[in-house]
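Nothing in this text is a laboratory measurement; each read-out follows from the coordinates by a stated rule. Keep in mind the model is a prediction, meaning the values are calculated, not measured. Neighbour counts run over all protein chains shown; Cβ positions are idealised from the backbone, glycine included.
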Amino acid sequence: QHQALQIAIDGPAGAGKSTVAKIVAKQLQLFYLDTGAMYRAIAYKVLKSGVSMEEEARVSQIAKHTEVVLDHSEERTVWCDGEDVTQQIRSPEVSRAVSVVAAYPEVRERLVELQRREAERGGVVMDGRDIGTHVLPKADLKIFLTATPEERAKRRWKELKMAGKDVSFEEVAQDMVQRDREDTEREISPLKPAGDAIILDTTGLSVDELVAKILMLAQEVVP
Ligand code: CDP
Ligand code: CDP
């Protein structure tokens, strides 16, 4: 067990972050924090309240007064003000809205504070967009996962199909390109590899191969 080991996994949508982060966390007995789920929960709440995504002040207020709790058990339930939103936050509507909400400084400030507080509980694998650059700048290992846009869209589309969602590949691919652009171009904490991140292109790599690679890198940094 690695008490205070911190592993940051960043990258664009569909790169494989959450899949590998969960497995790596389990193998190393660290806990896993899905920071994207937090931004999604806020976007869900804003959509539900009928406030326009463009109203920065009101969206920031909502973020400040929303209680987001991530369950650390295998269930990985996501709670938003006591409501189980685990399924709802994966909808195409939330996926389209989330990067707008995530660009607002006050929304980020609030969630980053929660994320850092979680990291004080012990060793952690955290995945997101700004973990290595901003949330955990002193992480022991920083991984930046990439894959071609085609491959990432294919993965996400397959995933949605398997969950019984009837969406076209084009729609998934377009939404993804749009979200990646918004995440990359925003002013605060944009999606980009930290200077000391190890960049792994996952195109054509299996989940098992990827996990093995990251576990090997983790072995080298165990304090
Ligand atoms: O799983 P997927 O890659 O589709 O997205 P996610 O990790 O659930 O993140 C959803 C969105 O939240 C991202 O597109 C970003 O707009 C935002 N996000 C962020 O800004 N910073 C993070 N650390 C994590 C997510
Ligand atoms: O969290 P992120 O959006 O980066 O990606 P993910 O949700 O972990 O992965 C998206 C899909 O791609 C999942 O269904 C994974 O099983 C799959 N995947 C894959 O086929 N090959 C990889 N090397 C990594 C992920």
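Checking Ala57 against (1) among the small types (Gly, Ala, Ser); (2) away from ligand 2 (no atom under 15 Å from the Cβ); (3) buried (at least 17 other Cβ atoms within 10 Å of the Cβ), only one condition comes out false. Which one? Going through (1) among the small types (Gly, Ala, Ser); (2) away from ligand 2 (no atom under 15 Å from the Cβ); (3) buried (at least 17 other Cβ atoms within 10 Å of the Cβ) one by one, Ala57 breaks only (3).
Yes or no, residue by residue, for (1) within 16 Å of the chain's Cα centre (by Cα); (2) within 23 Å of Val24 (Cβ to Cβ); (3) touching a residue at least 60 places away in the same chain (Cβ under 8 Å):
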{"residue": "Ser91", "(1), (2), (3)": "yes, no, no"}
{"residue": "Ser99", "(1), (2), (3)": "yes, no, yes"}
{"residue": "Arg116", "(1), (2), (3)": "yes, yes, no"}
{"residue": "Ala119", "(1), (2), (3)": "yes, yes, yes"}
{"residue": "Gly122", "(1), (2), (3)": "no, yes, yes"}
{"residue": "Ile131", "(1), (2), (3)": "yes, yes, yes"}
{"residue": "Leu141", "(1), (2), (3)": "no, yes, yes"}
{"residue": "Asp166", "(1), (2), (3)": "no, no, no"}
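You will find that of Gly204, Gly195, the residue that is farther than 27 Å from Val107 by Cα and either out of contact with any strand residue (DSSP E or B) (no Cβ under 6 Å at 6 or more places or on another chain) or assigned to a loop (DSSP other than H, G, I, E, B) (or both) is Gly204 and no other. Taking the criterion of being in contact with a strand residue (DSSP E or B) (Cβ under 9 Å, 6 or more places away or on another chain), hydrophobic (A, V, I, L, M, F, W, C) and surrounded by 19 or more Cβ atoms within 10 Å (Cβ to Cβ), the only residue of the stretch 100-118 that qualifies is Leu111. Inclusion of Val51 among residues that are assigned to a loop (DSSP other than H, G, I, E, B), farther than 20 Å from Arg121 by Cβ and away from ligand 1 (no atom under 12 Å from the Cβ) is warranted.
Among the conditions (1) touching an Asp or Glu at 6+ places or on another chain (Cβ under 7 Å); (2) part of a helix (DSSP H, G or I); (3) within 16 Å of ligand 2 (Cβ to nearest atom); (4) not aromatic (Phe, Trp, Tyr), Ala25 misses just one, which is (1).
Just name the residue that is nearest to Ala102 (Cα to Cα) out of those in the stretch 188-205 that are hydroxyl-bearing (Ser, Thr, Tyr) and crowded, with 19+ Cβ neighbours inside 10 Å. Working first, answer last.
Taking the stretch 188-205 first, the residues hydroxyl-bearing (Ser, Thr, Tyr) are 189, 202-203.
Within this subset, residues satisfying the condition of being crowded, with 19+ Cβ neighbours inside 10 Å are 189, 202.
Values: Ser189: 10, Thr202: 25 Å.
This residue is Ser189.
For the stretch 173-192, the set of residues classified as in a helix (DSSP H, G or I), among the hydrophobic types (A, V, I, L, M, F, W, C) and within 15 Å of the chain's Cα centre (by Cα) consists of Met176 only. For the condition away from ligand 2 (no atom under 11 Å from the Cβ), touching a strand residue (DSSP E or B) at 6+ places or on another chain (Cβ under 7 Å), under 21 Å from Arg110 (Cβ atoms) and not hydrophobic (A, V, I, L, M, F, W, C), Lys64 does not qualify. Please indicate, with yes or no, whether at least one residue in the stretch 162-175 is within 13 Å of ligand 2 (Cβ to nearest atom) and buried (at least 19 other Cβ atoms within 10 Å of the Cβ). Checking the stretch 162-175: at least one residue is within 13 Å of ligand 2 (Cβ to nearest atom) and buried (at least 19 other Cβ atoms within 10 Å of the Cβ).
Residue count for the stretch 75-99 under the criterion of being surrounded by fewer than 13 Cβ atoms within 10 Å (Cβ to Cβ) and either under 17 Å from Val135 (Cβ atoms) or within 16 Å of ligand 2 (Cβ to nearest atom) (or both): the result is 1.
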